[in-house]
Number of protein chains: 2
Amino acid sequence: MNDFMYYNPVRVHFGKEAMGRLEEELAALGTKVLLVYGGGSIRRTGLYDRVRRALEDTGKTVWELSGAMPNPRTEKVYEGIDICRRQGVDLILAVGGGSVIDCAKAIAVGAPAQGDFWERFFKNWEPAQEGIPLGVVLTIPATGSELDQSAVITNWQTGEKNSYDSPFQFPRFTILDPTLTYTLPKNQMVNGIVDTVSHILELYVSPPDGENLTDALAEAALRTEIGAARKALEDPRDYEARANLMWVSSFALCGMLNNGKKTDWASHCIQHPLSALYDVAHGAGLSVVHPAYLEYICPQAAPRLARLACRVWDVDPSGRSQEETAREGLRRLKDFFWRELGAPSTLSQLGIPAESVPRLAAGADLSCWSYRPLTREDVEAILRSCV
Amino acid sequence: MNDFMYYNPVRVHFGKEAMGRLEEELAALGTKVLLVYGGGSIRRTGLYDRVRRALEDTGKTVWELSGAMPNPRTEKVYEGIDICRRQGVDLILAVGGGSVIDCAKAIAVGAPAQGDFWERFFKNWEPAQEGIPLGVVLTIPATGSELDQSAVITNWQTGEKNSYDSPFQFPRFTILDPTLTYTLPKNQMVNGIVDTVSHILELYVSPPDGENLTDALAEAALRTEIGAARKALEDPRDYEARANLMWVSSFALCGMLNNGKKTDWASHCIQHPLSALYDVAHGAGLSVVHPAYLEYICPQAAPRLARLACRVWDVDPSGRSQEETAREGLRRLKDFFWRELGAPSTLSQLGIPAESVPRLAAGADLSCWSYRPLTREDVEAILRSCV
């Protein structure tokens, strides 16, 4: 096990009654609130009214920033920073999924800092010195952003999708009410499941390879996610299934599955240009790219992928070589993503033409660790296998 | 899954180089330090000198409270509170195992409060309003106190062993260096393993009984603990084994295994009078009491104990009734505690006479939840089965 530091100060309220804690949390924080959300879905479901009532009952002055979209963009962040600076906002409340939360996080560290948030933080990774307190009401279980210190922002001017970590991006509180996910469209639920599985695999498919608690927790999380996904597909209003999907997706990135692991993130690095250039939903892109990446590194990662196959996909290793066991596990992963969940399996299903492969490969960050360190040519080969 | 609140703000430094973070943590906190530790072991191993050097290098004024013993007592807490109040201590550093940490926690909330810490907090469970910041260097993986907000203190005047929870009892930081455990006497290592397994079981053997992430994480933690224990028994200097034992014991009580669970704690409630009246080591008492308790509730808890048997002890359920599967699992648990670890199996091995059973039963807190709610007579029956 490698040395690690673990720290996660987010206060989590989870369950059917979790929204009941919103007033209490708001009362303990600022008075001038920026409410960040996405499109109209929270208005349709009544969540918007519920949140506005809580803000009113706790006497807040509220500004709104709506339209935070998937693959959140620098423009929206600048807009939020501008409101915060002009109005002296002292609390940001994000209501939505990972894109809304990431947008709110970038505003939280960007507003109090001098100069340009993209240049300082997302481009040059300066450590932020402060942040506006942030609260979250989650509506889409997927990115884990509600429980971590990372944000990913897309810059359309430069075609970059960069991430930034700061302890000042940890939400002060996160409200996780699984019933809020009942009304999610199926494709959003599916993208969230793919994203969650992908996050856990990025952490799990890396050294150390001996027995350790972190790997055992990752296997438990994967098995729970897969089982819950099957139940939620059958009955979208199965509370236990929705609750497990929500809690696994948050737990996946709370830091516990990083502890002592090298971690990988190559699939995310390969996927990011797909979103940055074609505005592909993150989970949809991962469904195409992640299995292809794992197939590509299988000869080098066979022991680890064989362990994944046996412990998560119940592959019987007898009569199989290690690599055959590993590949059988990957076959079941693809089956789960593509057949059971109905997530996309090719670039063309994402509307991405084969000719764009070199440009996509050129945009991939190659600094991620991998059992098979990747060159630009490797990324091209992986993407070509997805055409 | 039941609703839950999860919050754990402890900053954890884990690994071979974790002690290297001590100065940095100390530098960010107070100037007048109460150093709390137990007997002479930290002097023998050189840890005392290492810690004193860090305190000196960060310019602290230091007072010492040594002699915090297993089943830490009110007297030692009063002594520490007195020093803190007279000297204006603004940081407490606990170096040791759970007893040292619990003593330090009680001092941390007791010193700034008016009146008597036992009456207000450990007897009447008033919510503390503040606490002196607390840091921890752990030497014995067992109680999980280094990562939770609980403390257990024994009052010899009244023969009570009471616990108290407060967010002000969370350590600000915890240093976990597995190499510090190489020199632990075998019985302390064994007691720690029993304690850790027992903690996880107290959380796991309770509803909800459907598939959920929390249970899956508990099973992963149990399997990791059992595997690591076997390796550490074989080679006490096996770093990976020691690292897993240390991290599982802390993880067990960080709150993740409580999430959404009813939780039980009956075995701890039955064990506490053994420590309060006979000063029995906590883990040793649990090794006797916990298996007996589970046997006693087996008819009511059979589905859950059968699941434990299959998923943790690899019992094959075919051809067995659910209760037979459950009992086979318990047989393996006892085998592990008593034969593999060599932990005690009877009250007489703990030096407790059979005649004391009624008095021990009378001292047990019966408010814990159980699949089979316990009366005084039930506790007597359980303890008589351990004679």
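All of (1) farther than 20 Å from B:Phe336 by Cα; (2) within 12 Å of chain A (Cβ to nearest Cβ); (3) not hydroxyl-bearing (Ser, Thr, Tyr) hold for B:Ala220 with one exception: (1). Within segment B:184-212, the set of residues being more than 20 Å from B:Ala284 (Cβ to Cβ) and either free of Cβ contacts under 8 Å to residues at least 12 places away in the same chain or surrounded by fewer than 20 Cβ atoms within 10 Å (Cβ to Cβ) (or both) comprises B:Pro207, B:Pro208, B:Asp209, B:Gly210, B:Glu211. Inspection of segment A:171-183 identifies no residue that is out of contact with any helix residue (DSSP H, G or I) (no Cβ under 8 Å at 6 or more places or on another chain) and surrounded by fewer than 24 Cβ atoms within 10 Å (Cβ to Cβ). Every condition in (1) under 19 Å from A:Thr174 (Cβ atoms); (2) modelled with pLDDT under 95 is met by A:Leu93 except one, and the failing one is (2). Looking only at residues in segment A:320-350 that are hydrophobic (A, V, I, L, M, F, W, C) and assigned to a helix (DSSP H, G or I), the one that is surrounded by the most Cβ atoms within 10 Å (Cβ to Cβ) is A:Ala326.
For the subset of segment B:268-307 comprising residues that are in contact with a strand residue (DSSP E or B) (Cβ under 7 Å, 6 or more places away or on another chain) and surrounded by fewer than 24 Cβ atoms within 10 Å (Cβ to Cβ), which member is nearest to B:Glu324 (Cα to Cα)? Per the criteria, the residue is B:Ser275. Has segment A:200-209 got at least one residue that is touching a strand residue (DSSP E or B) at 6+ places or on another chain (Cβ under 9 Å), of a type in the set (Val, Ile, Thr) and within 14 Å of chain B (Cβ to nearest Cβ)? No, segment A:200-209 has no match at all.
Summed over segment A:289-319, the residues that are hydrophobic (A, V, I, L, M, F, W, C), touching a residue at least 24 places away in the same chain (Cβ under 8 Å) and either in contact with a helix residue (DSSP H, G or I) (Cβ under 6 Å, 6 or more places away or on another chain) or part of a loop (DSSP other than H, G, I, E, B) (or both) give a count of 8.
For segment A:214-244, the tally of residues that are aliphatic (A, V, I, L, M), within 28 Å of A:Pro303 (Cα to Cα) and in contact (Cβ under 8 Å) with a residue 24 or more places away in the chain stands at 6.
Conditions tested, residue by residue: (1) within 13 Å of the chain's Cα centre (by Cα); (2) among the charged types (D, E, K, R); (3) outside the structural domain of B:Cys103 (by TED's automatic domain parsing).
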residue	(1), (2), (3)
B:Asn155	no, no, no
B:Gly159	no, no, no
B:Pro167	no, no, no
B:Arg172	no, yes, no
B:Ser198	yes, no, yes
B:Leu201	yes, no, yes
B:Gly210	no, no, yes
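Take A:Leu22 and tell me if it is within 28 Å of A:Asp82 (Cα to Cα), away from chain B (no Cβ under 14 Å) and buried (at least 16 other Cβ atoms within 10 Å of the Cβ). Taking the combined requirement at face value, the residue does not satisfy it. Residue count for segment A:15-47, restricted to those that are out of contact with any Lys or Arg (no Cβ under 7 Å at 6 or more places or on another chain), of a type outside the set (Ser, Thr, Tyr) and within 14 Å of A:Thr139 (Cβ to Cβ): 12. Quick one: is A:Arg11 basic (Lys, Arg) and away from chain B (no Cβ under 14 Å)? For A:Arg11, the condition - basic (Lys, Arg) and away from chain B (no Cβ under 14 Å) - is not met. Considered as a group, the residues in segment A:351-387 that are small (Gly, Ala, Ser) and not in a helix (DSSP H, G or I) include one that is nearest to the chain's Cα centre (by Cα), and that residue is A:Ala364. Considering B:Thr154, B:Thr179, the condition of being of a type in the set (S, T, N, Q) and in contact with a Pro (Cβ under 8 Å, 6 or more places away or on another chain) is satisfied by B:Thr154 alone. Does B:Met5 satisfy the condition of being under 30 Å from A:Phe14 (Cα atoms), at pLDDT below 95 and within 14 Å of chain A (Cβ to nearest Cβ)? Taking the combined requirement at face value, the residue does not satisfy it.
Condition check ((1) of a type in the set (Lys, Arg); (2) at pLDDT 95 or above) across all residues:
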residue: A:Gly255; (1), (2): no, yes
residue: A:Asn258; (1), (2): no, yes
residue: A:Lys262; (1), (2): yes, yes
residue: A:Cys269; (1), (2): no, no
residue: A:Ser275; (1), (2): no, no
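Across segment B:227-265, the qualifying residues are those that are acidic (Asp, Glu) and more than 10 Å from chain A (Cβ to nearest Cβ), and the one among them that is surrounded by the most Cβ atoms within 10 Å (Cβ to Cβ) is B:Asp264. Restricting attention to segment A:126-161, the residues being in contact (Cβ under 8 Å) with a residue 40 or more places away in the chain and either of a type in the set (Asp, Glu) or over 25 Å from A:Ile193 (Cβ atoms) (or both) number 12. In segment A:102-154, of all residues being over 15 Å from A:Tyr78 (Cβ atoms) and of a type in the set (Gly, Ala, Ser), the one that is surrounded by the most Cβ atoms within 10 Å (Cβ to Cβ) corresponds to A:Ala142.
Just to be sure before I move on: is B:Gly38 away from chain A (no Cβ under 14 Å) and within 30 Å of B:Asn155 (Cα to Cα) in the structure I sent? Against the criterion (away from chain A (no Cβ under 14 Å) and within 30 Å of B:Asn155 (Cα to Cα)), B:Gly38 qualifies.
Do we have B:Ala104 as touching a Cys at 6+ places or on another chain (Cβ under 9 Å), part of a helix (DSSP H, G or I) and among the hydrophobic types (A, V, I, L, M, F, W, C) here? Against the criterion (touching a Cys at 6+ places or on another chain (Cβ under 9 Å), part of a helix (DSSP H, G or I) and among the hydrophobic types (A, V, I, L, M, F, W, C)), B:Ala104 does not qualify.
Taken together, the residues in segment A:79-97 that are out of contact with any strand residue (DSSP E or B) (no Cβ under 8 Å at 6 or more places or on another chain) and touching a residue at least 24 places away in the same chain (Cβ under 8 Å) amount to 2.
The values are calculated or read from the model by the stated rules, or taken from the named source; none is laboratory data. For clarity, every value in this text was computed on a predicted model and none was experimentally measured. FYI the Cβ positions are ideal-geometry reconstructions off the backbone, even for glycines, and counts take in every protein chain you see.
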